[in-house]
Amino acid sequence: MKAQKTHYQSFIHLFIELVEAAKGEILNPVSAKLNYSRMIDKKSSIAIFDFQLLEAATNRFCKSNIMGESGSRTVYRAHFDEHFKAAVKIADIDADREFENEVSLLSKMRHQNIIKLLGYCIHGESRFLVYELMENGSLETQLHGPNRGSSLTWFLRLRIAVDVARALEYLHEHSNPPVVHRDLKSSNVLLDSNFNAKLSDFGLAIGSGMQHKNMKMSGTLGYVAPEYISHGKLTDKSDVYAFGVVLLELLTGRKPMENMSSNEYQSLISWAMPQLTDRSKLPSILDPVIRNTMDLKHLYQVAAVAVLCVQPEPSYRPLITDVLHSLIPLVHVELGGSLRVTEPVHSEDLH
């Protein structure tokens, strides 16, 4: 017990040192075919796409245009013309509230690390969401798909982590009211052609002013914070916990839940934690793609951040702003890093 406390205190000291050190498309002709509507309130204007336009752009939702599938949701590549390509997601037919929530929130958010919602379509009982196209798909596919992370260097992984932290910092600190994403996971982190990351899927997101008690418990196994599972307690620290899991995925290349046998699963946190707190063992759990490619000091620093983010007790987890301050100095400026914590953004009240 004493040894565990000593480990935790050492991570706290390292984390504080990191934070202190850090502080020193145009639519062209297609647009003529779109209607623009104000949905939810008067502050957010958003395009309404004609169903026939989506059908033509996806070649009648051809299987060859499928970019990803999650549960009953499918995302298609849409080619409207030579200047305008996008991604079209078919929303769950029984999730009207999530659809409206996504449109309401994303139509008001303007941040370089949050996916752009271009518009939507309602056709009978079907619901469609149209987003900017992210050429490299999801972080989940890059890490756990056929390529097994081979395209993601150590520095790209660091930059992706910083991008996601920036998105969360915008939600937690610069949105009005503050927003908890509630479903951060690697499949909801999308990558553009240069591997810049953007946070997506805001159907479950919730503003701090909304009532939590009557809301159905949601989330993805392996990413959900323990206090949310046991007591239904939901705060910005719930997102920090999920961020820690994504950071561990980037470090290890492993999924958040691994199937050990037909009836047994092991969480990434329970598997990694003993090695994360032992510097001599830490390099052995790294994704082989990035092993021996980084400064060990940087590795220890990132591991310290991950350990703090996934602490069982929410009060022991750092604020996402402090996480961001600790990671930014580790990203090379020539690879897109910046010592500026948050880029200029346009924000609107989310009421």
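Annotation for the range 67-140: trypsin sites (Lys or Arg not before Pro) lying in DSSP loop with at most 15 further Cβ atoms inside 10 Å of their Cβ do not exist. If R0 equals 30 Å, the separation of the Cβ atoms of Cys62 and Ser150 corresponds to a calculated FRET efficiency of about 0.60. For the pair the range 137-197 and the range 280-305, the centres of their Cα atoms are 19 angstrom apart. Based on the Cβ-Cβ distance of Met260 and Thr293, what FRET efficiency does E = 1/(1 + (r/R0)^6) give at R0 = 30 Å, to the nearest 0.05? For R0 = 30 Å, the calculated efficiency reads 0.55.
The GluC sites (Glu not before Pro) of the range 75-127 that DSSP puts in a loop, and whose beta carbon has at most 16 other beta carbons within 10 Å, are Glu82, Glu125. Please work out whether the range 218-263 counts as rounded, prolate or oblate from its C-alpha gyration tensor, where a ≥ b ≥ c are the square roots of the eigenvalues and a/c under 1.5 means rounded, while otherwise a/b larger than b/c means prolate and anything else oblate? It is oblate, given that a/c is not under 1.5 and a/b is not larger than b/c.
Between Ser270 and Glu132, the modelled labels are 4.0 nm apart [label points 7 Å from Cα along Cα→Cβ].
Amide H contacts of Asp287: Thr252, Gly253, each under 5 Å away and 5 or more positions distant or on a separate chain (H built 1.01 Å from N in the peptide plane; Pro and chain starts excluded). Annotation: peptides 50-63, 231-244, ranked by per-residue average of other Cβ atoms within 10 Å with the highest first, follow the order 231-244, 50-63. Given +1 at the Cβ of Lys and Arg, -1 at the Cβ of Asp and Glu and no other charges, the dipole of the range 62-191 around its Cα centre is 380 debye to the nearest 20. When Trp271, Trp154 are sorted by how many other C-beta atoms sit within 10 angstrom of their C-beta, beginning with the fewest, the order is Trp271, Trp154. Stretching the chain fully between His79 and Ile229 yields a gain of 49.9 nm (0.36 nm per residue, less the alpha carbon separation).
Each reported figure results from applying straightforward, stated rules to the coordinates on display, with no laboratory input. From a predicted model like this one, the values you see are computed outputs, not experimental measurements. Cβ: placed from backbone, ideal geometry, glycine included. Neighbour counts: every protein chain shown.
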